[in-house]
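Inspection log for the structure reproduced underneath, given as structure tokens.
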Amino acid sequence: MVTLADWMRGCGLARLDAQVLVESVQSWSRATQAAHPERELDARALERLDTLASRLRSGEPMAYVLGQREFYGLALEVTPDVLIPRPDTELLVELALRHLDALPEAHVPTVLDMGTGSGAVAIAIAHARPKARIWALDASGPALAVARRNAQRLLDPHREGGALRFQQTDWWDGLRLPSAFAGFDCIISNPPYIAANDPHLPALRHEPPLALTGRHPNADGLSDLRRIVAQADCHLSDEGCLLLEHGYDQAAAVRNLLTAHGFREVFSARDLGGIERVSGGLCPRRQIDQSPPKIG
Ligand code: GLN
């Protein structure tokens, strides 16, 4: 018979990783594991634990091995078709919620999440603001399948009339909106922003390149951010806000991009590590009609 202590000794993993695997396979809390190292593991549990341990040893991220990652208090399903949600991205959710909270109470907030991946940001907002009408886009069909499953599992289908719709688009290309749509109160995105030659890329090899460097990897990593900013103004309401996650060294470039497109009150906000991680701004002021007054 193999005991928990035997398996932990022989599995070749750091103690915490081993405990997390045992917790997921046997539902024994880490406190229970510490108190009862003599517990026996049956053949099925052992086989499962050995499979998961070998995936971890080969460098696969824990989130893919478990098929799950927590984001904004929600346990999201993740597969290798989607980026693993990062705690830094919770800043994007917080800034979006703050902007929505400043709207008149009777107003039904509308939100667009571009490049939704697992659905993390869109679902977190839908969960926190059940009245909101949210559109979530992605270029990847398999990613959208994951996002749809997450929404189905995590959101109350009868929540205060709010809605979350998913569409497969190439950023703005292919986006379908209701005909009399007045513009979004908030457009948010955590797009691919890693430069083609970024030295961190090998460490991210298990995650989808489409979510990291995008379809057209380039030297500064900003090509998708440029596409988003280029057409955001015509999809925002007059006081609508655009919020973009970006890399640790891209804040100034993204602020310049927003300013060059006429966005107002352009700012950057820092993540928990103190890094400028999200930049945004308000819809460019509507052009005042400059045409000469009609005479007669
Ligand atoms: N934040 C991720 C990382 O640096 C990348 C996510 C992205 O490109 N949107 O690992």
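Residues in region 75-86 that are within 10 Å of the ligand (Cβ to nearest atom) and surrounded by fewer than 20 Cβ atoms within 10 Å (Cβ to Cβ): ARG86 only.
Is it the case, given these coordinates, that ARG176 is away from the ligand (no atom under 16 Å from the Cβ) and not in a helix (DSSP H, G or I)?
Numbers: away from the ligand (no atom under 16 Å from the Cβ): yes; not in a helix (DSSP H, G or I): yes.
Taking the combined requirement at face value, the residue satisfies it.
A search for C-beta distances below 6 Å between a residue of region 239-257 that is within 24 Å of HIS107 (Cα to Cα) and any residue that is away from the ligand (no atom under 15 Å from the Cβ) and in a loop (DSSP other than H, G, I, E, B), counting only pairs 6+ apart in sequence or on different chains, returns GLY240/GLY183; GLY240/CYS283.
In this structure, is ARG277 touching a helix residue (DSSP H, G or I) at 6+ places or on another chain (Cβ under 7 Å), closer than 15 Å to LEU92 by Cβ, within 15 Å of the ligand (Cβ to nearest atom) and charged (D, E, K, R)?
Yes.
Any idea how many residues of region 229-261 are closer than 15 Å to SER279 by Cβ and away from the ligand (no atom under 12 Å from the Cβ)? Before you say what the answer is, go through the steps one by one.
Step one: list which residues in region 229-261 are closer than 15 Å to SER279 by Cβ, which gives 229, 232, 241-261.
Still in the list and also away from the ligand (no atom under 12 Å from the Cβ): 229, 232, 241-243, 251-261.
Result for region 229-261: 16.
Answer yes or no as to whether ALA151 is of a type in the set (Gly, Ala, Ser), under 18 Å from the mean Cα position of the chain (by Cα), within 16 Å of the ligand (Cβ to nearest atom) and crowded, with 20+ Cβ neighbours inside 10 Å. Explain how you work it out, then say what you get.
Values: of a type in the set (Gly, Ala, Ser): yes; under 18 Å from the mean Cα position of the chain (by Cα): yes; within 16 Å of the ligand (Cβ to nearest atom): no; crowded, with 20+ Cβ neighbours inside 10 Å: yes.
When the stated conditions are applied, ALA151 does not pass them.
Say whether the condition of being within 16 Å of the ligand (Cβ to nearest atom), of a type outside the set (Val, Ile, Thr), in a loop (DSSP other than H, G, I, E, B) and under 23 Å from ARG205 (Cα atoms) is met by at least one residue in region 88-103. No - not one qualifying residue is present in region 88-103. Among the residues of region 54-73, are any free of Cβ contacts under 8 Å to residues at least 24 places away in the same chain and over 26 Å from the mean Cα position of the chain (by Cα)? Within region 54-73 (the criterion being free of Cβ contacts under 8 Å to residues at least 24 places away in the same chain and over 26 Å from the mean Cα position of the chain (by Cα)), the answer is yes, since at least one residue qualifies. Scanning region 95-118 for residues that are within 18 Å of the chain's Cα centre (by Cα) and of a type in the set (Val, Ile, Thr) yields THR110, VAL111, THR116.
Criterion applied to ALA203, ALA128, ALA219, ALA132 was being within 21 Å of ARG86 (Cα to Cα) and touching a residue at least 12 places away in the same chain (Cβ under 8 Å), and the one residue passing it is ALA128. Any chance region 147-157 includes a residue that's at pLDDT 95 or above and within 21 Å of ALA232 (Cα to Cα)? No - not one qualifying residue is present in region 147-157.
The values are calculated or read from the model by the stated rules, or taken from the named source; none is laboratory data. None of these values were measured; they are calculated from a predicted model. Note: ideal-geometry Cβ built from the backbone for every residue, glycine included; neighbour counts use all protein chains shown.
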